[in-house]
Amino acid sequence: MAATTLERSQSALGGFYRRMKARLGAAEAVTATAHKLARIIYRLIKYGEAYVRQGLQAYEKQFQSRRLQALQRTAKTMGFQLVPTHLRQEFLKRILRLPEATLEPPSGYPQAHW
């Protein structure tokens, strides 16, 4: 019951529930979130720890960081290296020796691929 109320919650647990629901479906998301809540409550009772609420932004930032690390590991196992976009543009500037204004993508070319 408590896990289903997190669907609209703007907290880290709410973000976890929504992510699990998208990946696993509603029933499994409720189970996974209830399991996570049970582990939190168990730790609070057994060790007397205080509950520290993690905000949604902090959770999303942590998730994105983990996702990036996993992507970098995958790329490395395949023999590739990920390069941030701002470094790629710096590289293009040096190689082509063009002023920054000319580094705009051609018309009709998607910005994400430039």
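The values are calculated or read from the model by the stated rules, or taken from the named source; none is laboratory data. Note that the structure is a prediction, hence the values are computed from the model and not measured. Neighbour counts run over all protein chains shown; Cβ positions are idealised from the backbone, glycine included.
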Conditions (1) loosely packed, with under 10 Cβ neighbours inside 10 Å; (2) of a type in the set (S, T, N, Q); (3) at pLDDT 80 or above: number failed by residue 5: (1)
Determine which member of the set 13, 82 is of a type in the set (A, V, I, L, M) and free of Cβ contacts under 8 Å to residues at least 24 places away in the same chain. 82
Against the definition (assigned to a helix (DSSP H, G or I) and either modelled with pLDDT under 85 or in contact with a strand residue (DSSP E or B) (Cβ under 8 Å, 6 or more places away or on another chain) (or both)), how does residue 17 come out, yes or no? no
When residues of the range 21-52 are filtered for being closer than 20 Å to residue 10 by Cα, touching a Leu at 6+ places or on another chain (Cβ under 9 Å) and assigned to a loop (DSSP other than H, G, I, E, B), how many remain? 1
